[in-house]
1. Please report, as a whole percent, how much of the solvent-accessible surface of the range C:87-328 comes from carbon and sulfur atoms (probe radius 1.4 Å).
2. Excluding ligands, DNA and RNA, what is the solvent-accessible area per residue of the protein assembly as shown at a probe of 1.4 Å, expressed in Å²?
3. What does the accessible area of C:Cys309 come to, in Å² to the nearest 10, when a probe of 1.4 Å is used?
4. Could you tell me what % of all Cα pairs in the range B:411-521 have separations over 24 Å?
5. Send over the semi-axes of the range B:65-174's equivalent ellipsoid, whole angstrom and largest first, taken as the square roots of 5 times the C-alpha gyration tensor eigenvalues.
6. Where does the charge balance sit around B:Gly321 when Lys and Arg score +1, Asp and Glu -1, over other residues with C-beta under 13 Å from its C-beta?
7. Give, to the nearest whole percent, the P(r) tail of the protein assembly as shown beyond 49 angstrom, counting all Cα pairs.
8. At q = 0.16 Å⁻¹, what log₁₀ I(q)/I(0) does the range C:87-328 have when each alpha carbon counts as one equal point scatterer in the Debye sum?
Amino acid sequence: MSVAPHDFGDFPRSAAAARFEAWRRAFYRFSGSRLSVIGLGICVFLVLVAIFGESFVPYPQHVTGGIAPRARFLPPSATHWFGTNELGQDVFTLVVAGSRVSLLCGFAVVFAAAVVGTVLGGIAGYYGGWTDDLIMRLTDLKLTIPGLILAMAIAAALGPGIVNMIIAVSLSWWPGFARLVRGEVLSKKEELFVLAARALGASHARLIWRHIVPNVLGAIVIKMSLDMGFAILTVAALGFIGIGVKPPTPEWGSLLAIARGYMPEFWWTAVFPGLAIFLAVFGFNLLGDGLRDVLDPKARR
Amino acid sequence: MSVTRRSVIIGAGATAGLLPLSQMTMAQTGGRKILIIASGQDIPNFDPHVATGYSPAWLLRNVYDSLVRTEGNPPKPVPGLASSWSVSPDGMTYTFKLDPKAKFQDGTPVDAAAVKHSFDRIMRLKKGNGWMVNSVIGPDSMKVIDDKTVSIKLTKPFVAFLHVLPWQWVVNPKQVEANKGSDDGQAWLSKNLAGSGPFRVKRAEPGNLYELERVADAWQPGGGNLSGAIWQIVRETIKQRQMIQAGQVHMAADLTSEDMDALKGRPGVNLVIEPEFRTFSIKMNTENGPLADINMRRAISYAFDYQAMLELAGYAQLMVGPLPNGIFGHDPSLAVPRTDLAKAKEFLSKSKSPNGGIKLTMTHVTGLEQQRRWSLVLLDSLKKLNIDLDIKPMVWPDMVALTKTPQTAPDFFPVYQTANYGDPDNIAFAAYHSANNGNWQNMVYKSARVDQLIERGRAELDEAKRAAIYKELQQVIVEDAPDIFGVLEKRKLALRTDIENYRFTPVASNAVELWPLSLKG
Amino acid sequence: MLPFVIRRFLLLIPVFIGLSMLVFVIGRLLPGDPVQLAAGPHATREEIAALAAEFGLDQPLPVQYLAYAKGLAIGDWGRSIQSRQPVIDDLKTFMPATLELVIAAMIVAILIGIPTGLLAAVYRDRWPDTLSRAVSLGAISIPRFFLGLLLQLALAMWLGLLPLGGRLPITAEPPPFLTGFLLIDTLVARDFSTFFLALQHMAMPAVALSLSPLATIMRMMRASTLEVLSQDYVLTARALGLSQRLTIFKYVLKNALSASLTVIGLYFGWLLGGTVLVETVFDWPGIGLYATRAITTQDFMPVMGVTLCIGLIFVAVNLLVDLAYGLVNPKVRLS
């Protein structure tokens, strides 16, 4: 870690102020990148839609499974912006309502994976020895097996449902976090401030909690934001294969899977849910990429 | 230099990029007449006494022979291995004269002993289509009268007996005995064939295709010009549609109503949209849970949105009562529940949950689009009674496992019931007789009165009396409301116009008999 | 070099054992009753028990695992309960299709990714760079199954230029089996019309599958080229009179090679698993479709077989990539 000379200029200065200054500079760098800002915009928009969208949809009864067989397969129009599907449901309503499931699942997956990965990776990195070997070999093995097939098998085992889907995907997700955290812990463990604290007689718990966790957190947050897009993608993929949520919950992947049978005449039933997945994944990837650029010293050039 | 087939293809390849794909692929069949059928169903087992489902039925019908076949609309028994037969006046003994030309594909003549051998095996295994005959024949039923004459003595009267015989195939005893193993030849017959039919399996690629080729010296009289046929597995109906449109296949077996609409008026495609004895209804758990309450069942029967179901079904008609419309004995004037919310609420108020507020479960087969749609119709209808529906898509075997007891059975269980024979007994017995409790056809419903009427119906020889019995049966079942009587979907097939001699028959029409068919050109 | 190779090979043994155990656990996770499933809806209790005994499913789990591991060692990967075929035979049938598709996707990714990445580096922070970043992020963000559907919609359904799916038309005679790769086998058989058909069928799935590695290779190429351009030795070389173009070309070529190697190692296993979706959309008869079908019918032996097979290929490819690195860059051998 290099320290810029001017940091000594306004010494003494509170740690909080220093942290604020660092964030302020990061923000400038972030807002300097047009793509990152667009990504942030998309994500904020999607989160707002996920939280409030359902209250403003034109056909709220369709969210909970209401149907209108006489209005089947209407093309996009002023009354049905995205057209209607094979049950006469308004596709716009379903896509808006589906944002909640997708974002919620995406976040839950990444969060659960981060928690499990951090605990296991932290233990491995901090204690070393055979615990490290055991956990890391398990991680390596998991990384050789395609995550999607693993997630599919687990999801099929647990049966459809939002919670089951989250469990299935996060179980195939944690090894990445475990590796990352272990690496970070290993490097931080040997740094001067930790060695000093240990010499002063700090307990393991205190060392981990006070000195190592805050320093690893940045890397975890970056990975979480980078992974969010892919988590949404994986959840949609499970829905697409047909082992996702329970009907009538609107979910983008399963909407797409059903609509597949109605192409090409009724293309709107497929195209709009697909675009929604793309938008969400794209937005979070832009954001994650931008965050990594400003927060991760290693990625900075 | 002789012009080989390959060099012709290479020559054609130069211009291949400019030709539409369809013409290219059709050209490659060359002089051989190979009929290609696109279907979503695999053929997992070739054993004629074990396999069920329409895809194995297709293969078995063409590779094996049965005593009688079924043909026409309405379907009638016609000669198969038996060139003629007679029935004793009491309707209990059937005597079959075997065709003297009939021989298995290995050259062995088909004799009475072979027929007995197969029926004995059907009775031993109790699998596949055996359920159709096992309740009416016993160990002493089969009698070899002479080399070419066999008689079957029923243990109970059963007027539709000739209608179930097309699904009881005769295997070559010599081959089966040689490969008997410890499981009565099941492992061997699941992959090998021992038939007398006009076709044999040339190529089997599970999950992809099955190719049949014509037996050079087939004994069957007549026959079209086909040299073979391919059962191509195409899981998406949209792709089946594209292939029939492009002429890559000659027949598409599982099209949706939307596909049929899209194919209308396309050159080279004939559409077959015909009523068939195939019912779809939603069975209710009459023995356990909230639906054991007859008032609740009636409330739901009146709350259900039949019109929505019909609209979503496409080419279909609503069922009138438990039996398929148009079958012998069906009563078109039967009073059945139709959507009437006031009546539904009236019944609900008499039930144990007068204000709804309960949650019921329904399973349906994962990936079956029509069942998914109808589950949502039910969900939407139940909301009006303030009842929640938990929809669980499952694979079929798991669903079947649930039907073993009333306790494991879900509240609603959707069932397609295909008539294997054109007689009311088929559906009445399978779907409402308590002998079938614990099976998917009739998981829990039992009524002594219904059982008795069904048994009288299958034993009665006088047509007028028989019709009266079925009329009463239908009234009793509707009164009990064990099912939401749904729709009869029309059979939807698309055929290329170059198929000749195709005749629709409303039983197992997607398991097409190849022998009479020809391809033009 | 030799000790390095031997050590790497010895390390594979525990990986194999661990992988087989993990795969066994995954296989046993699958729900439902596979025996009930295979026995069919009309089976009696006795028949189910007999079938369970036939497949050894009535034994305790560790015994079942040992039997499985023993089978693996002698090439018996169990049988599919559904098709009653040996899993190893099914894998032999379906694997070449998937490998061919993955390799085609890799080639597309490398052919497009390297020049565009290079371009982005040369025009750093100008519009080609921004465009390439947006495109590469777009490429990894678009769901492969959605892109597949869009391609089908446009090129197959509306324009009718390419077939909807499959490897060959039903009636086309496949070339004699040699490698299982249609593109190679047809060329060997000098059957150019079938080669052309196979190529048509492969176009859309290969493009749909290539996007993620394409984006990665593009970004890597950009980063490593930027590094080369700022290195002292480039400046030195230039000062010594080598023409700039030649210098850049030489180092860039080396970078391109190592970027390709890395991506192959990184993505090969991932793509093998990722083909599931593309194979589903394009009805491509590979192991992805095979695994999906096995999972939805709860047929666990094929699921285990596919997972193990992909795991082994992943490990093998990474070993090869490491060895190739060792050749390209001797320093790596030490670590």
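1. Carbon-and-sulfur percentage of accessible area, whole number: 71.
2. Per-residue value: 41 Å².
3. 20 Å²
4. Value for the range B:411-521 (Cα pairs over 24 Å): 41 percent.
5. Ellipsoid half-lengths, sorted descending, are 19, 16, 14 Å.
6. Combined, the nearby Lys, Arg, Asp and Glu give -3.
7. 35 percent
8. Debye curve over Cα of the range C:87-328, log10 I(q)/I(0) at q = 0.16 Å⁻¹: -1.18.
The values are calculated or read from the model by the stated rules, or taken from the named source; none is laboratory data. Please read all numbers here as calculations on a predicted model, not as lab measurements. Using ideal geometry, Cβ is built from the backbone for each residue, glycine included, and neighbour counts are taken over all protein chains shown. Side chains are part of the model used for accessible areas, which takes the heavy atoms of the whole protein and leaves out ligands, DNA and RNA. Shrake-Rupley method; radii C 1.70, N 1.55, O 1.52, S 1.80 Å.
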